[in-house]
Amino acid sequence: MALLHVDFFSDVLGMGMQMDVILPQKTRKQIGMEGMAEDGSYKTVYLLHGMSDDHTVWQRRTSIERYMSRLGIAAVMPSTHLGFYTDTTYGMRYWTFLSEELPRICRELFPRISDKREDTLAAGLSMGGYGAWKLGLGASDTFGAAASLSGALDMASTHHRQMVEDNRAMFTGIFGSEERLKGSDNDLLALAEKLAAKKKELPRLYAWCGTEDFLYQDNQKAWEHVKKLGYDLTCETSPGDHQWKYWDAKIQDVLRWWLGIDLDLT
């Protein structure tokens with residue numbers, strides 16, 4: 001695999017940004033790792049980070065490069081700061097950056113990244129799980145599938161109202177008032193309803209959340225909601241809370257689910 005540390009400029013955000021990119025490479029002599037790469041375009045995973053993290057975290061806390069190498073697919077890991085993948089009320093357009101500008105930039109810089117929706121997955125953890133499902137539901141022409149691990153899927157819930165109360169200035173700056181959030185495109189339950197009503201091809205969805213996670217009940221509510229709307233949802237639970245030892249294991253399940261394979265990636 002090739003690992004690239006990319007500094008680039010975002011016109012949407014008006015500032016320099018960073019992303020790490022893993023690209024397939026055929027190799028024969030790496031000790032302990034197999035390098036696979038198919039001819040033609042690469043399937044691509046956009047891996048999103050959580051609230052306390054940045055674009056480096058997936059490499060630092062998981063073996064994502066090794067998993068990608070075995071599969072011969074690309075990974076794009078952008079930094080999106082603490083913007084909740086949203087066009088914030090204070091003027092930073094993180095959603096437009098992520099859903100429109102970033103895929104375009106990646107396909108310009110790395111021409112072998114596929115531009116097909118069926119070859120493009122959004123995945124993330126916690127805040128990034130919210131962002132991943134938001135890409136699937138709000139940018140389904142680009143992202144044909146989305147996977148959430150311990151995702152903050154119901155930002156308008158009672159639980160999140162308490163979290164907002166504890167961090168009111170930050171969340172008001174991101175989403176605006178509680179009334180403005182509920183029912184908007186930043187409310188994933190409402191966004192799922194709007195996409196289903198358009199009678200367009202729906203994204204495949206995946207979700208996992210540990211039964212001891214503080215987001216577990218909100219996840220169950222979101223899962224039932226999208227199931228009733230007719231989405232193809234694979235949801236899984238197992239014992240666990242909100243930490244990386246579970247996410248490292250579950251991202252492997254996400255890749256197997258998306259690619260439709262049964263392959264040991266460890």
Students often forget the sequence filter, so: which aspartates and glutamates lie under 13 Å Cα-Cα from residue 227 once same-chain residues fewer than 8 apart are removed?
193
Each residue of region 196-209 in order: what ³J(HN,Hα) in whole Hz does its phi give by Karplus 6.51 cos²θ - 1.76 cosθ + 1.60, θ = phi - 60°, with x for Gly and Pro?
4, 5, 6, 6, 8, 5, 8, x, 6, 10, 9, 8, 9, 8
Quotient of Cα radius of gyration and Kirkwood radius for the chain, i.e. Rg/Rh, equals 0.95
For the chain, what does the helix formula give at 222 nm: sum of -39500 (n - 2.57) over DSSP H segments with n ≥ 4, over the residue count, nearest 500 deg cm²/dmol?
-10000 deg cm²/dmol
Quick check for you: with a 1.4 Å probe and neighbouring chains kept, what is the accessible area per residue of region 166-231, in Å²?
53
Apply the Karplus parameterisation 6.51 cos²θ - 1.76 cosθ + 1.60, with θ equal to phi minus 60°, to every residue of region 49-62 and state each ³J(HN,Hα) to the nearest whole Hz, in sequence, with x for glycine and proline.
9, x, 4, 8, 10, 8, 5, 8, 5, 5, 6, 6, 10, 9
Listed by chain and number, the lysines with an alpha carbon less than 17 angstrom from that of residue 221, same-chain partners under 8 positions apart left out, are 134, 182
Provide the net charge surrounding residue 264, with neighbours chosen by a C-beta distance below 10 Å and charges set as Lys +1, Arg +1, Asp -1, Glu -1.
+1
Just from the alpha-carbon atoms, what are the Rg and Dmax of region 49-98 in angstroms?
13.3, 42
Amide H to amide H, which residues 5 or more places from residue 113 or on other chains are under 5 Å from it, using H placed in the peptide plane?
42
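The values are calculated or read from the model by the stated rules, or taken from the named source; none is laboratory data. Keep in mind that this is a model prediction, so the values were computed, not measured. No Cβ is skipped: glycine too gets one built from the backbone with ideal geometry, and neighbour counts run over all protein chains shown. We work out accessible area using only protein heavy atoms, side chains counted, and drop any ligands, DNA or RNA first. Shrake-Rupley method; radii C 1.70, N 1.55, O 1.52, S 1.80 Å.
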